[in-house]
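Since the structure comes first, as structure tokens, the remarks are kept for the end.
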Amino acid sequence: MTTVLADPTMSDIYPFPAIRATQIARMSEQNIGDFKLTAGMAEQMSEDDIGLLIANCGSMERIHEKLLDLAATDYSATFVVVMQSKKMLAVWYNAQARSLGERPVPESKVPNFWVSGCCVFTTPEGLSGLSDSGQLSSPVAGILMVDPYLSTHNCRVIRKGRYTITHDRPQFVLNFRTDHVEAGVLPPLIFFAVPPAKSLNTKPAESVYGLATWWYADGKRLRVGEPPTVS
Amino acid sequence: MSVRTVIETTSRCIADTDNLQVLFDPAVEPFRAGKFRALSESSLCADIVGYQSGEFPDGLYTHQHDAIESVLAGNNTVVATRTSSGKSLIYSLPAFHTVCEDPDATVLFLYPQKALANDQLLKLREMAAAIPCIANLQAGKEHFVSRYDGSTDSSIRPAIREQVQLMLTNPDMLHFSVLQHHERQWQRFFRNLKLVVIDECHEYRGIFGTNVSHILHRLRQLCQRYGSDPKFIATSATVSDPQEHMQQLTGVPFTCIDPERDGSQQGQRKFWMVTSPDHYHDTGRNLAMKLAESGLSVLAFCPTRVAAEQMVSRLERNSDKDTPSFVRVYRSGLSSEQREEIECGLRDRTVRLVFSTSALELGIDIGSIDVVVCIGLPHSMMSLWQRAGRSARGGREGATVFIPAETPIDSWYAAHPEDLFSRDHEPLVLNRTNQRLLCQHYACAVQEVGGDDDSMDFQTLGNEIQQIHDLRASGQLDRDEFYRAEPHMEVSVRGMGEGTYDLMIGKDKLGEIDSLHLIREACRNAIYRHGGQAYRVIDVIRGKRIVSLRREFTFNETRPHIMKKIKVRNTLKSQAFTGVKLAYVTLNVTEFLNCVTERSPHGNVVRTWNGSMGMPPHQLPTEGTMLVLRTPFWNELKQQMQGRPESSLQGLERLMRGLFPTISGPCDTQDFSSGTDSVATGEMAIFLYDAVYDGVGLTETAFHHMQSLVQRAEERLSSCSCEEDEGCFKCIRDPQKEQPASKADTALLIHAVLASLTAEVPDVISTGHELIGDIRQTASLKCERCDEGVTATDRFCPNCGFKLQA
């Protein structure tokens, strides 16, 4: 008997808001509400082409810590964490390896992507391989770009002597996003940056990633994982 | 092609084409001999008469003679005779006569396109060399007759400014360079300016025409200051009231030489209207190819740039041979070298079939075409005769074949083909009360007179500029435009809004594309066709205004799905019925890319890219008529409908848009558009708006004749022969919409709207002085969420990302 799996509904992909933050205005940094990654929020971000920039995270270590907490969450869907560089990926891979009692490996031996709980860690170049690998066993709930100074979008072209090689890193992300539409909704694009939003050049990134606008959240008030139940 | 074979060959090709039905087959228009006036009757100087005797032994046509005499008598003159009637001689001979009489005299030739100026430059130089007194003057001056536009090399510009007496330019250069820097660079030219020639003056309409009108008024202000009083000579296609148009354009009265006085020789001409069960693109393409393979030279006008490119790509796809070398695509966006190659090819007949947009309607010299094929009917009389006038020139035989499109308006004319020729000529619309343009040109005019508002010549500049001055003086008007250091740079003369993007392959520029067409044709990942070749759009770099392309060999096609958001800014007048409300409003239309679909030649979807992919939205502030369905009225109707209620709105919108020219008079279908959206109150509305920046009042007709428009929509729907409830492209079915329409629901809606419009005649409420209304509207807007300042055109607050409401 063949079992036909029903398309996941949005509520299956987002059973609870695993990413929560305080939403702020970019310049004044005033508190203007709460951001919770729910099904409705994901739909709105997809429909209106809105990206979330969680800035003012303070440090890379803090971002790493939060994403490890997210990875440890019991969640039905997958978050794809896209690191800015292979080097950064290697640092995080080895940090996790050490925490598991394993030996660190050289950068060249770091896999293009690896799974840790409900998160998959990779780089923009690893995304197409990730799609083809079959390792994504559940829908993509969000693409989390770890881009400390919001600069990944600047890499569109590499020049080597007389030759120009087009190496469009943001396009890898956009293609991956398009390939993982669920129920007509694009997975939300969420960026993590170290400095405050008002010190980052957000306009160029907005157009390169195909966004109509940004929402801004305060990284110092970021919460991940299952929300606490209020008794 | 020998005499009397063009019409016979065309007739044979039509008869031999399978399934081609002839809808209209009037008699051949006979050859008409020219009517001449002897040269001895002319007031032109002896040298010019001597030159003419050699070139035109029969003399001048009667209308040429009359026009030249009018100009020489000191009258501003507009000539509106038909195509190929020798209009360029009417202005070139008086220009040379003027310089013969006064060796220091200067003449300004204004052309709407650089290509036209190019065309005329060589002819003027040849004439100058052939007329003895001019040749003597020209001997010491290399730039005696010269072009001065954006393509002129900057190294020779100082020499041109010093020497030129007959200067060919365009409104953009006149505005940005000549008027702006008159004091430092152009004093001699203005002091001696005797004639201003405005060629193809019918092109100056809409926002472009409004800008040119202000520019010409400013030109006259400067001439007054330099003590010159040039006369104007204008040439026009056949339009309604060219005299009134030129008076609005320049501010001076004109004498008109109208079509009834046309004495030119006209060749035999034949018209047909044909149709077939195939798609009209396929019908047109196949017929044009058949005619060209018979040895005729063919110009096929296509409805859009994309259609013109697809004609060639589908020729390649449907044939196992390469596309013949005599086939080309011609449209704006090609480089000047590409256009010149095609124009030369048409003249020497190495190019025999050109698929073109309306770009070739203008009088660029392409020789005489044997057959014109109109794939989709021209929707203005001006366009019809411009196109038909490309054949049967200079006494030669010519033919024109019309192929109706599958649209409501073309279906109407296919059923009533005689109506196509019996329409009135359309008026040319200008809007000199457009507040934004007035303020911009006011600032330019102030700077041109040295910065003192009070020394402006309001009698020359016009009442509208006077009003701006009075509002400023009373403190009611204070806009950023008045404080710019370089006000001339703020004016977008052609009204294209954000300007153009360069199409680049690596470092090579392929052509240009404007922001309106950017999201439609050259969005990221789209397959863009240019000159018959296919390219993939790799990137759109907004900051540098570059579209990066890569050559791709594919027969696939991409289609963008564009969403539209309409936000009402201000209501200028309204009329409240029981079920509906009618209003004429200023509004902002934002078009943004929703997704792009790539399809194989068999129609299978190959790939889809969702989202805007970083493409900038196209924003259009404009004016339009709004038909609002009140909530109780709409709720009651929705309960009676079988299908999706929104589809009935879209069906009515399509019919209104398609049939609008039947109430407005012939107009270019590119000049208006439509949409359906909810207004601030949440009620649904259908909009008909001007598709030009800031609007020109074209769709105001819909406000005054909405009942008539809806009645015609009802007639079209009820008389359509399609049987299915989804309708067809000739009535309510929209090829751009995925969801089907419903004839029954649309008919229900139309009937209810018509009943509401006819039951009563409420008063029209105006909001007062239009100039003041919009000024007050532009008071500061703030985001509700973070209180940051936003503009009326923002969709989202740039500070917090909050979605802004109407």
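Below are the figures for this structure:
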item	result
Residue check for B:Ala741: under 21 Å from B:Phe687 (Cβ atoms), modelled with pLDDT of 85 or more and crowded, with 21+ Cβ neighbours inside 10 Å	no
Filtered residue count, segment A:74-119, keeping only those that are part of a loop (DSSP other than H, G, I, E, B) and either open to solvent by 20 Å² or more (accessible area, probe 1.4 Å) or of a type in the set (D, E, K, R) (or both)	15
Elements of type helices (runs of 4 or more DSSP H) contained in segment B:201-297, each with 1 or more residues being out of contact with any strand residue (DSSP E or B) (no Cβ under 7 Å at 6 or more places or on another chain), over 30 Å from B:Ala27 (Cα atoms) and not small (Gly, Ala, Ser)	B:206-226, B:242-250
Output for segment B:28-52, where each listed residue is open to solvent by 60 Å² or more (accessible area, probe 1.4 Å) and free of Cβ contacts under 8 Å to residues at least 24 places away in the same chain	B:Ser40, B:Ala46
Wholly within segment A:150-205, strands (runs of 3 or more DSSP E) carrying at least 2 residues that are under 21 Å from A:Ala21 (Cα atoms) and either modelled with pLDDT under 85 or of a type in the set (A, V, I, L, M, F, W, C) (or both)	A:189-192
Residue check for A:Glu29: open to solvent by 10 Å² or more (accessible area, probe 1.4 Å), outside any helix (DSSP H, G or I) and touching a residue at least 24 places away in the same chain (Cβ under 8 Å)	yes
Segment B:470-501: number of residues that are more than 30 Å from B:Pro112 (Cβ to Cβ) and without any contact (Cβ under 8 Å) to a residue 60 or more places away in the chain	7
Residue within segment B:531-550 that is out of contact with any Gly (no Cβ under 6 Å at 6 or more places or on another chain), open to solvent by 30 Å² or more (accessible area, probe 1.4 Å), more than 14 Å from chain A (Cβ to nearest Cβ) and within 29 Å of A:Pro170 (Cβ to Cβ) present	yes
Residue within segment A:131-141 that is within 25 Å of A:Thr22 (Cα to Cα) and at pLDDT 85 or above present	yes
1 or more residues among the small types (Gly, Ala, Ser) and under 20 Å from B:Pro230 (Cα atoms): qualifying helices (runs of 4 or more DSSP H) within segment B:67-171	B:87-101
Strands (runs of 3 or more DSSP E) fully within segment B:599-690 counting 3 or more residues that are closer than 30 Å to B:Arg205 by Cα	B:618-629, B:672-678, B:684-690
Residue that is farthest from the other protein chains (Cβ to nearest Cβ) [pool: residues in segment B:596-612 that are touching a helix residue (DSSP H, G or I) at 6+ places or on another chain (Cβ under 9 Å) and either surrounded by fewer than 19 Cβ atoms within 10 Å (Cβ to Cβ) or more than 20 Å from B:Lys803 (Cβ to Cβ) (or both)]	B:Pro601
Hey, B:Leu510 farther than 24 Å from B:Gln447 by Cα, part of a strand (DSSP E or B) and either at pLDDT below 85 or not small (Gly, Ala, Ser) (or both) or not	yes
Residue count, segment A:32-56 (criterion: within 10 Å of another protein chain (Cβ to nearest Cβ) and not in a helix (DSSP H, G or I))	8
Qualifying residue in segment B:615-624 (condition: open to solvent by 10 Å² or more (accessible area, probe 1.4 Å), within 14 Å of chain A (Cβ to nearest Cβ) and of a type in the set (Asp, Glu))	no
Segment B:119-138, residues that are in contact with an Asp or Glu (Cβ under 7 Å, 6 or more places away or on another chain) and of a type in the set (D, E, K, R)	B:Asp119
Segment A:9-27, subset touching a strand residue (DSSP E or B) at 6+ places or on another chain (Cβ under 9 Å) and within 14 Å of another protein chain (Cβ to nearest Cβ), residue nearest to A:Thr229 (Cα to Cα)	A:Ala21
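Listed here are the residues, each with its yes/no results for (1) of a type in the set (A, V, I, L, M); (2) buried (at least 18 other Cβ atoms within 10 Å of the Cβ); (3) outside the structural domain of B:His63 (by TED's automatic domain parsing).
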{"position": "B:Leu287", "(1), (2), (3)": "yes, yes, yes"}
{"position": "B:Val298", "(1), (2), (3)": "yes, yes, yes"}
{"position": "B:Gly333", "(1), (2), (3)": "no, yes, yes"}
{"position": "B:Ser336", "(1), (2), (3)": "no, no, yes"}
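One line per residue, one yes/no per condition, for (1) under 27 Å from B:Ala415 (Cβ atoms); (2) surrounded by 21 or more Cβ atoms within 10 Å (Cβ to Cβ); (3) not polar (S, T, N, Q):
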{"residue": "B:Gly682", "(1), (2), (3)": "no, no, yes"}
{"residue": "B:Ile686", "(1), (2), (3)": "yes, yes, yes"}
{"residue": "B:Val696", "(1), (2), (3)": "no, yes, yes"}
{"residue": "B:His704", "(1), (2), (3)": "yes, no, yes"}
{"residue": "B:Glu714", "(1), (2), (3)": "yes, no, yes"}
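The values are calculated or read from the model by the stated rules, or taken from the named source; none is laboratory data. Remember, it's a predicted structure, so these values are computed and weren't measured experimentally. A quick note on method: Cβ atoms are made from the backbone with ideal geometry, for glycine too, and the neighbour counts reach across all protein chains shown. Remember, those area values only see protein heavy atoms, side chains included, never the ligands or the DNA or RNA. Shrake-Rupley method; radii C 1.70, N 1.55, O 1.52, S 1.80 Å.
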